[in-house]
Amino acid sequence: MERTLTSCCGPSRRTVLGALGLAALLPVAGRAIAQPGRVLATDLEVVTVTDNAAVLTWTGRAPDAAGRPVPVPADGEVWLAPADSSRPPRQVWGSDGTTPFHYAQIDGLEPGRTYRFEARTAGVRATPAVSAATGLPGTPETTGTFTTLVPPPGRLLRTLALANDIHYGETVSGLMVGDLPPGFRQEPSLPPYPQVMLDALLDDLRRADRGAATLLLAGDLSAEAAPEDLRAVRDRLDRWGSAGTDYLAVRGNHDRPHTGSEYAGCPAVPGTGEHHDCWSDVFGPRQQLVEYELGGLRLLGLDTSALDGSGGVLDPPQFDRVSELLHSEPDRPTIVFGHHPVTAEAGLTNTGGPGFILDRDHALRLQQLYEKAPGVFLQHSGHTHRTRRTRSDTACAVEFLEVAAVKEYPGGYSLLRIYEGGYTVNFYKTRTPDARRWSTLTRGEYFGLLPDYALGTFADRNHVVLRDFSGLR
């Protein structure tokens, strides 16, 4: 059975933009044979910059017989030199083979140093798309330079991955009601795209260059909480690690209780009539706080899903439990994660509007609670499918971070690296060949403007915060 986004999320600009984006991208997603000798290198993005590494992505295209630019396989290179050096750039990366979808990771860089770079496809220099995210003056993509981060002082204590919005079971990206508007489909010869993107995420996290020991999943693991989809996600996660220790998951609005015969075998939600909660069979009860302690670091997962609708709520028992924990140890370093963003800025700047985030009263009460619990330093949210930091509505010193979706462009996750003297945040795209292809295809959402909305600024994706974590183990 095909699963698509339903009216739970409400018709929004995202519906229309995604549909028209398909029309813009379909010509470049085909398999027509390109004319030789006219390769273009486009969509350059300096996605990730850490203290010692950088990740660049770009696409090779060439016009087909009708003059439409289509992805074409070609070799790729990156040339690099310190910006303060008179030496010419040298090649520091080369592709193993030919591909249209280049993903270059450059390691061995020096902290706090500026580098000039050039990415190439078939010898042609890559340029950014016509996009505010990467094409405006001053971005790394337009200046041809980037500066590595300076990590916080002290030892690296642990690395956590922040991810959300897998939508397992979804077969068409961008649909809202029935078959409208037209959306993006995976090629029949390839696995379903939510499976591709989830597998790529889990493959990435255990690699030595990521080293994430703990994964925090902030909701919308499924398309519509179908039992088979939830079990499939749980099976993949359990093969990666142990629930409750290696990974912690909370539900999003798509994982909420549903009505209909497909859900009748799941536990009924008392007092709601026809609602059945399939998530509770696989991951845990509704509106229950997830709690875990990790070497002195407290992790709190909020179930912000409402019974119906796309907005978020916190029922009194769950809020009372959060209050109890924060009041008992207000200074304990704490990360909170949940599906719905909580700040007014998040409500005003996402495509769904203020009703798309956590209920305003609940959001303010939560932030006021954080004011009295200075140990809370970061809240990770999903739902908006973008990477963005927003400002608190109160005086609490908390970073409110939204992380882009796993399931579509830019297709990835953030790594939170905690040091004795602070933390770093870096966003990474997933890098399997099928994941890179799907992420490139879904750039076409929002009239092709999804990168402007979803990628975030360089500083949103890559930043350092100084803070005392010397008491953590």
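If you go through segment 116-144 and keep only what is among the small types (Gly, Ala, Ser) and closer than 20 Å to Asp75 by Cβ, you end up with Ala119, Ala122, Gly123, Ala126.
Matching residues to (1) closer than 18 Å to Thr127 by Cα; (2) at pLDDT 95 or above:
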| site | (1), (2) |
| --- | --- |
| Arg14 | no, no |
| Gly21 | no, no |
| Arg38 | yes, no |
| Glu77 | yes, yes |
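Any residue that is part of a helix (DSSP H, G or I), β-branched (Val, Ile, Thr) and open to solvent by 10 Å² or more (accessible area, probe 1.4 Å) - is there at least one of those in segment 268-280? Looking through segment 268-280, none of the residues is part of a helix (DSSP H, G or I), β-branched (Val, Ile, Thr) and open to solvent by 10 Å² or more (accessible area, probe 1.4 Å). Look at (1) touching a Phe, Trp or Tyr at 6+ places or on another chain (Cβ under 7 Å); (2) at positive phi and you find that Val376 fails only one, number (2). Which condition breaks for Ala223 when tested against (1) over 17 Å from the mean Cα position of the chain (by Cα); (2) modelled with pLDDT of 95 or more? Exception for Ala223: condition (1). Here is the figure for segment 440-465: residues that are modelled with pLDDT of 95 or more and charged (D, E, K, R) total 2. Considering (1) of a type in the set (S, T, N, Q); (2) surrounded by fewer than 18 Cβ atoms within 10 Å (Cβ to Cβ); (3) closer than 30 Å to Pro69 by Cβ, the lone condition that Thr394 does not fulfil carries the number (3).
For the residues Thr432, Thr442, the requirement of being open to solvent by 20 Å² or more (accessible area, probe 1.4 Å), polar (S, T, N, Q) and out of contact with any Pro (no Cβ under 7 Å at 6 or more places or on another chain) singles out Thr432.
For Asp199, indicate whether it is open to solvent by less than 10 Å² (accessible area, probe 1.4 Å), of a type outside the set (A, V, I, L, M, F, W, C) and closer than 20 Å to His385 by Cα. For Asp199, the condition - open to solvent by less than 10 Å² (accessible area, probe 1.4 Å), of a type outside the set (A, V, I, L, M, F, W, C) and closer than 20 Å to His385 by Cα - is not met. Residues in segment 131-150 that are closer than 21 Å to Arg443 by Cβ and either of a type in the set (S, T, N, Q) or open to solvent by 60 Å² or more (accessible area, probe 1.4 Å) (or both): Ser131, Thr134, Leu136, Thr139, Thr142. Return a yes/no flag: does segment 356-363 have any residue that is farther than 20 Å from Asp308 by Cβ and either within 18 Å of the chain's Cα centre (by Cα) or crowded, with 23+ Cβ neighbours inside 10 Å (or both). No, there is no match, as no residue in segment 356-363 is farther than 20 Å from Asp308 by Cβ and either within 18 Å of the chain's Cα centre (by Cα) or crowded, with 23+ Cβ neighbours inside 10 Å (or both). Scan segment 66-80 and tell me whether some residue there is under 22 Å from Thr48 (Cβ atoms), small (Gly, Ala, Ser) and more than 28 Å from the chain's Cα centre (by Cα). Checked segment 66-80: no residue is under 22 Å from Thr48 (Cβ atoms), small (Gly, Ala, Ser) and more than 28 Å from the chain's Cα centre (by Cα). Does Thr304 satisfy the condition of being at pLDDT 95 or above and either in contact with a Ser or Thr (Cβ under 6 Å, 6 or more places away or on another chain) or within 19 Å of Asp361 (Cα to Cα) (or both)? Yes: the conditions hold for Thr304.
Scanning segment 291-310 for residues that are open to solvent by less than 40 Å² (accessible area, probe 1.4 Å) and in contact with a Gly (Cβ under 9 Å, 6 or more places away or on another chain) gives Gly296, Arg298, Leu300, Gly301, Leu302, Asp303, Thr304, Ser305, Ala306, Gly309, Ser310. A single member of Glu329, Glu324 is surrounded by fewer than 21 Cβ atoms within 10 Å (Cβ to Cβ), over 25 Å from Ile418 (Cα atoms) and either over 26 Å from the mean Cα position of the chain (by Cα) or at pLDDT below 95 (or both), and it is Glu324. Within segment 55-76, residues that are in contact (Cβ under 8 Å) with a residue 24 or more places away in the chain reach partners that are open to solvent by less than 10 Å² (accessible area, probe 1.4 Å) and outside any strand (DSSP E or B) with beta carbons closer than 6 Å, at six or more positions or on different chains, in the pairs Trp58/Ala126; Val70/Asp64. Scanning segment 109-126 for residues that are assigned to a loop (DSSP other than H, G, I, E, B) and open to solvent by 70 Å² or more (accessible area, probe 1.4 Å) turns up Glu110, Pro111.
The values are calculated or read from the model by the stated rules, or taken from the named source; none is laboratory data. Because the structure is predicted, anything quoted here is derived from the model rather than measured. Glycine gets a Cβ as well: all are built from the backbone with ideal geometry, and neighbour counts include every protein chain shown. Accessible surface is based on the protein model in full, side chains and every heavy atom, while ligands, DNA and RNA are left aside. Shrake-Rupley method; radii C 1.70, N 1.55, O 1.52, S 1.80 Å.
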